[in-house]
1. So which residues in segment A:94-114 are within 8 Å of chain C (Cβ to nearest Cβ) and either of a type in the set (G, A, S) or not in a helix (DSSP H, G or I) (or both)?
2. Among the residues of segment B:151-168, count how many are within 30 Å of A:S46 (Cβ to Cβ) and of a type outside the set (V, I, T).
3. Quick one: in segment B:208-220, which of the residues that are crowded, with 23+ Cβ neighbours inside 10 Å and touching a strand residue (DSSP E or B) at 6+ places or on another chain (Cβ under 7 Å) is nearest to the other protein chains (Cβ to nearest Cβ)?
4. In segment B:160-198, what count of residues is obtained for those that are more than 10 Å from chain A (Cβ to nearest Cβ), under 21 Å from B:L25 (Cβ atoms) and of a type outside the set (A, V, I, L, M, F, W, C)?
5. Regarding A:G87, is this residue at pLDDT 90 or above, in contact with a strand residue (DSSP E or B) (Cβ under 9 Å, 6 or more places away or on another chain), within 20 Å of A:V193 (Cα to Cα) and small (G, A, S)?
6. Of the residues A:E233, A:E227, which is of a type outside the set (S, T, N, Q), touching a strand residue (DSSP E or B) at 6+ places or on another chain (Cβ under 6 Å) and over 18 Å from A:A156 (Cβ atoms)?
7. From the list B:L143, B:L131, B:L71, B:L118, exactly one residue is modelled with pLDDT of 90 or more and surrounded by fewer than 20 Cβ atoms within 10 Å (Cβ to Cβ). Which is it?
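The values are calculated or read from the model by the stated rules, or taken from the named source; none is laboratory data. On a predicted model such as this, the values are computed, not experimentally measured, just so you know. Heads up, the Cβs are rebuilt from the backbone with ideal geometry, glycines too, and the neighbour counts pull from every protein chain shown.
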Amino acid sequence: MSEALVLDAQGVVVSYPGHPPVVAVNDVSVQVAAGETVALVGESGSGKSSLARAAAGIEKIAAGTVQFDGMPVTTMRLRRRPVALTGIQMVFQDPSTSLNPRRRVGDQIQDGIQTALARGDAGSRVEEWLERVGLEPAWASRFPHQFSGGQKQRLAIARALAARPKLLIADEPISALDASTQTSVAALMRDLVAEVGAGMLFISHDLAVVRRIADRTLVMYAGQVMESGATAELWSDPQHPYTRSLLAAIPEPDGRGTIPAAPTPEDRARWSTVPPIRDRTA
Amino acid sequence: MSDTALSIRDLRIDIGRPLVHGISLDLHRRQVQGLAGESGSGKTLTSLAVLGLLPRKAQTSGSIRLGEDELLGMPRRALNRVRGKRVAMIFQDPSASLHPQLTVGSQLTDHMRVHLGLKGSAAKARAVELLERVQVPRAAESLGRYPHQFSGGQRQRIAIACALACDPDVLLADEPTTALDVTVQAGILQLLRDLAVERDLAVLLVTHDLGVMSAIADDVAVMKDGRIVERAARATLFSDPQHEYTRTLLAALPGSRIPSDGESEGADDE
Amino acid sequence: MSAFDDKRVAARWKIRFRWPRAWRTPLGVIGSVIALAWVIVAFTAQWWVPYGPNAQVLPRLQAPGIGTMMGTDGNGRDIFSRLMTGATVTIPLALTLVVAALIIGTIIGAVAGYFGGWVDETLMRITDLFMAFPTVILAMVVAASLGPSLFNAVIAAVIVSWPQYARVTRSLVLSLRQQNYVVAGRLLGHSPLRSLFVDILPNIAGPLLVLATLDIGTAILLLSGLSFLGLGAQPPTAEWGSMISAAMSNFDAWWLGVFPGLAILTVVVAFNFLGDTMRDVLDPTAEIAHENQADLVSSAKGASA
């Protein structure tokens, strides 16, 4: 692949202490190219959030490497994040804790702008960003509690993008939003990220929404990537039993009153026994 | 016995501002009535109104009849005899419905003790029976365990068991599967539908998820801004929506064919 | 449903100032008024007391009556004047005490909570050490060893009071440290110190303020207590605790002890009411409940043509 890889994670292992230790991510590799949106889907306990945090460097890795734009991603500890790594930005699941309740939203977006400037990238204006995410520029002086959940998420997106990241990691960014706004916010993120030529790693448990915005999709189960490939192909021709079960479980809004087949215990057993499918797009 | 278990007529809810503007809805036994809408449409307020769970300063008018009783404005004492016994509710977050520090068994038997006067081994036996019916594995052992020891899907099943403990006439389900994994969702939906028929339950299913609605609702009412803008049998609503808002909702679904800018949608295989 | 419906939601949301519900209760109002009154007394008494606190001009041990509202003490000094002057002594010192303990405790707790590791361990063990001593005993020991004086009593009181602030601050910082907006700040390149001061501290000020307000009463009791024991204010300083102490030898003259006692009672209770009120006002869950209701209302208003 000649495209620049903004994210290149190989053999990542993330484990949490315990008796025995909980291995949340078990030898996972994922790559994101500039301008590409890669979706990471999985249900609760699949390890997708842990992987996202590891990729951003806010979670410790037990094994494997994570490279951002060719340089290693160091785990964030007490030291300031190295300026080059501020090219990785994140949007989190819970909009209500993504913004400092005591600061004006304009100031918080300004933080993002400052980060871009500190890296030598172009500056921008707070008002510009507010407009781009569909909010009124005049609201820069307001406080987070004056906004709804969906708006707070847009503000978080504005702040992240104002920092001109090359890689945007979105950890379930739409799960906490209204059904109607979910699709539009996801599309907004995809568009804005593509505009600036950045890559996005989009984590979600909702396959349906991800279908519209991701170029490639990785399906995670129990800490491993079971299948990955171009999104359209994955939908039309899933190979791994887990992917098939996942897709089959989505209720079709066709009015026919059919309840999707619930996976049987035998089905579930097969998920762990059938080995992961190798990426078909190579 | 009439088939109509609950009858809502011209319900208005005002909390500082009018939020529900006179809706009417019937719940029939053995049927799942869907109430669809976005957040802010008033659908959740409607279900809370049935059980008198609205904030104190809410003002209501209209009628909610359960059999011969008028629930709207019922005094607290009488309402407590209705809640749990004749009308039960399950919520989106099963962790919020279950007391984290009581065993599953005691939560179930508590309900039964209060409403049915069942005690001791009779209550326990019934509790095990309920857990088995909702398909919680190893029901007898589960009595002594705590909610946090179960998965999200199992907690919701337990919540359903608690709701059924006293054989209610009406079950209100507010986004019962929204917080659950999709592979778990199907099982819960099947359970709800089966229970409705088995136990002569009238189910009100409140959700924004049209996929879920399509799976188990018999009739669907669509709410917008505190009003019901369309109501139809499930099949009709999805195949031939009349109201513009319903059409917009259906079109916004990820599965529907909306061309996105410049991207080839290779997966349009319907 | 377009992306721009959100705009209309926020546009329709009007922030109205509502007098916090807690202040509409009788207790809240009474408490705040009395506390405020005493604070005013504390800062102005010297200008309007009828007699100097040490002026021995009146007949001794006179019961309350004409010319002397609360009677006189064994040295012919007006109790009322001494009482009011006492406020000048006790209340500012109590406030200083609380502020000092708050600052010391907050710094230690914040550093421990934020940096974790051995820094946390060390600081917390030290905190535990101080907390392990019974407050009054430790204060007595310190005051006695430094020498009896009001100043030393304050030092002693600060030493025993800071640990609770350290504990509370540490746990607040620990919980906030993981909040998404703090992490977001670090991703943007904020230094840990900036994180601490800009993101964390302003958001824990509320609970700490409540704690401090509730602590004022305890501070007053502590100072008065030490003075009562002879370890604080020394004669002839007018201080409530020492006034009560002096009243012990003169039980017949009830006015000698009752009025200072009542003064302590009213101040402490008033500040407790004030603290409770502040907690209700600043309670984040109350804010959230408000928010949820407001969300319910505003989102219902929004998105309609």
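1. Listed by number, the residues that qualify are A:D94, A:S98, A:L99, A:N100, A:P101, A:R102, A:R103, A:G112.
2. 11
3. B:L210
4. Total meeting the criteria: 5.
5. For A:G87, the condition - at pLDDT 90 or above, in contact with a strand residue (DSSP E or B) (Cβ under 9 Å, 6 or more places away or on another chain), within 20 Å of A:V193 (Cα to Cα) and small (G, A, S) - is met.
6. Checking each option against the conditions leaves just A:E227.
7. The match here is B:L143.
Residue-by-condition table, conditions (1) assigned to a loop (DSSP other than H, G, I, E, B); (2) farther than 14 Å from A:G229 by Cα; (3) in contact with a strand residue (DSSP E or B) (Cβ under 9 Å, 6 or more places away or on another chain); (4) more than 14 Å from chain B (Cβ to nearest Cβ):
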| site | (1), (2), (3), (4) |
| --- | --- |
| A:V6 | no, yes, yes, yes |
| A:V14 | no, yes, yes, yes |
| A:P20 | yes, yes, no, yes |
| A:V23 | no, yes, yes, yes |
| A:V28 | no, yes, yes, yes |
| A:A39 | no, no, yes, no |
| A:S44 | yes, yes, no, no |
| A:S50 | no, yes, yes, yes |
